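Here is the structure we will look at, set down as structure tokens.
The values are calculated or read from the model by the stated rules, or taken from the named source; none is laboratory data. Quantities reported herein were computed from a predicted structural model and do not represent experimental measurements. All Cβ positions, glycine included, derive from the backbone under ideal geometry; neighbour counts span all protein chains shown.
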Amino acid sequence: MAIQKLSSKNQIVIPKEARQAMGVKGGDELLVVVKEDLTIVMPKPKRYAKTLQGLAKGLYPSGYLKRERRSW
């Protein structure tokens, strides 16, 4: 864990280890998500559909979506 100081221009430097782990470099766009007192910084996906694909896998019981689709 690295501690960074906020500059007088409200900027921070993302440590090298974090940049490498996220696979980002200078000029890349990052998403900043704020949830109450938690802030998450992550690379902006190149394709949102690819990023979200399979996200809800296992969320619904077996056969649930088929039954719902038939009810429409």
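Only residues that are of a type in the set (S, T, N, Q), under 19 Å from the mean Cα position of the chain (by Cα) and surrounded by fewer than 10 Cβ atoms within 10 Å (Cβ to Cβ) were counted in segment 1-23, giving 0. Scanning segment 41-67 for residues that are within 30 Å of Q11 (Cβ to Cβ) and surrounded by 10 or more Cβ atoms within 10 Å (Cβ to Cβ) gives V41, M42, P43, K44, P45, T51.
Look at (1) without any contact (Cβ under 8 Å) to a residue 12 or more places away in the chain; (2) part of a strand (DSSP E or B) and you find that V41 fails only one, number (1).
Annotation: G26 fulfils all but one of (1) modelled with pLDDT under 90; (2) surrounded by fewer than 11 Cβ atoms within 10 Å (Cβ to Cβ); (3) assigned to a loop (DSSP other than H, G, I, E, B); the unmet one is (1).
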